Amino acid sequence: MISLKTDHEIEMMARAGRLLESVVEELREACRPGVRTIELDRLAERRIRAAGARPGFLGYQGFPNSICVSINDEAVHGIPGRRRIQEGDIVSLDLGLVLDGFWADMGCTVPVGAVSPEAERLVRVTEECLALGIEQARPGNRLYDISAAVQRHAERHGYSVIRQFVGHGIGRHMHEEPQLPNFGQPGTGPELKPGMTLAIEPMINQGGPEVYVKPDGWTVCTSDGSLSAYFEHTVAVTRHGPRVLTSSTGSMRMRAAV
Ligand code: MG
């Protein structure tokens, strides 16, 4: 069952989303050479708690921290620690919070300092994949129209889409129905209706789609060691089209240099 949110519930999620956006902005600023990934985690947890919210990832299925930090060939679910961020890294940040019972989930890949042109292109195309996916989140479309838009854009640039991890419905829980793969046939899947709320999260590899999980039990890496990038927003399907709940403007702001 895909739950449809009321207008009130969507406003509650948008409150959570705006708070999350502000935390992600601060983390993006803090993502500098020499910073330990655990410092980003502490910063996020402090900001989230100070605003009266709860870091949603902390303890989720045993995850030990408030944010995921995944660097270069690490795709998603990296555990913060003593590792220092370096000039030229691409750093994927992923975090969720719960405010007054409602979830928001968001993330981005941050190019740190001067990155290679190949890394910059991957980050830009992945962000464009998210924008194109969001564009499809409108009534009358089908769920996999979102998936197909992401996949088409990634593959046309010679990249591949991770298959084992997918986006998801979101609301009073982080993971609600439906699952939202980043690949699929346009015109298929459940019909999109006003009130659906989705975490859309393209995970795009420079090389092949295969990934493995490190012995820490969490960190997902590309099998061929190629770079991976990821962007995510929490989005509501509304009568007027997609509304990005993790953005104070309601729409997506492109950040990667074009
Ligand atoms: Mg998510």
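The values are calculated or read from the model by the stated rules, or taken from the named source; none is laboratory data. It should be emphasised that the depicted structure is a prediction, and the values quoted were computed from it without experimental measurement. Backbone-built Cβ (ideal geometry, glycine too); neighbour counts: all protein chains shown. Accessible surface areas use protein heavy atoms only, side chains included; no ligands, DNA or RNA. Shrake-Rupley method; radii C 1.70, N 1.55, O 1.52, S 1.80 Å.
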Subset of segment 28-56 [within 20 Å of I71 (Cβ to Cβ), in contact (Cβ under 8 Å) with a residue 60 or more places away in the chain and under 19 Å from the mean Cα position of the chain (by Cα)] = R28, C31
Some residue of segment 177-194 being under 17 Å from the mean Cα position of the chain (by Cα), within 16 Å of I162 (Cα to Cα) and free of Cβ contacts under 8 Å to residues at least 24 places away in the same chain | yes
If you go through segment 58-95 one residue at a time, how many are assigned to a loop (DSSP other than H, G, I, E, B), within 16 Å of the ligand (Cβ to nearest atom) and either in contact with a Cys (Cβ under 7 Å, 6 or more places away or on another chain) or under 25 Å from G208 (Cα atoms) (or both)?
-> 2
In segment 1-34, residue farthest from P178 (Cα to Cα) [restricted to those that are open to solvent by 30 Å² or more (accessible area, probe 1.4 Å) and of a type in the set (V, I, T)] = T6
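Looking at segment 175-217 only, could you name the residues that are assigned to a loop (DSSP other than H, G, I, E, B), of a type in the set (A, V, I, L, M) and within 16 Å of the ligand (Cβ to nearest atom)?
Residues of segment 175-217 assigned to a loop (DSSP other than H, G, I, E, B): 175, 181-190, 192-196, 201-202, 206-210, 214-217.
Keeping just the survivors that are of a type in the set (A, V, I, L, M) gives 192, 196.
M196 - this is the single residue of segment 175-217 that is assigned to a loop (DSSP other than H, G, I, E, B), of a type in the set (A, V, I, L, M) and within 16 Å of the ligand (Cβ to nearest atom).
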Scan of segment 40-54 for residues that are surrounded by fewer than 18 Cβ atoms within 10 Å (Cβ to Cβ), under 18 Å from A30 (Cβ atoms) and not aliphatic (A, V, I, L, M), ordered by number = R42, R46, R49
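Could we say that R138 is open to solvent by 40 Å² or more (accessible area, probe 1.4 Å) and in a loop (DSSP other than H, G, I, E, B) here?
Numbers: open to solvent by 40 Å² or more (accessible area, probe 1.4 Å): yes; in a loop (DSSP other than H, G, I, E, B): yes.
Taking the combined requirement at face value, the residue satisfies it.
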(1) within 14 Å of the chain's Cα centre (by Cα); (2) within 15 Å of the ligand (Cβ to nearest atom); (3) of a type in the set (A, V, I, L, M) all hold for V98 apart from (1)
Would you check if there is a residue in segment 224-237 being touching a residue at least 12 places away in the same chain (Cβ under 8 Å), surrounded by fewer than 24 Cβ atoms within 10 Å (Cβ to Cβ) and within 15 Å of the ligand (Cβ to nearest atom)?
-> no
Output the number of the condition that R243 fails; it satisfies all remaining conditions of (1) closer than 21 Å to R172 by Cα; (2) within 16 Å of the ligand (Cβ to nearest atom); (3) open to solvent by 20 Å² or more (accessible area, probe 1.4 Å).
-> (2)
When M106 is run through (1) under 18 Å from L198 (Cβ atoms); (2) part of a loop (DSSP other than H, G, I, E, B); (3) within 16 Å of the ligand (Cβ to nearest atom), the failure sits at (2)
Which residue out of F57, F63 is out of contact with any strand residue (DSSP E or B) (no Cβ under 9 Å at 6 or more places or on another chain) and open to solvent by less than 30 Å² (accessible area, probe 1.4 Å)?
-> F63
Residues that are open to solvent by less than 60 Å² (accessible area, probe 1.4 Å), within 20 Å of M196 (Cβ to Cβ), within 15 Å of the ligand (Cβ to nearest atom) and in a loop (DSSP other than H, G, I, E, B), drawn from segment 141-174 | V166, I170, G171, M174
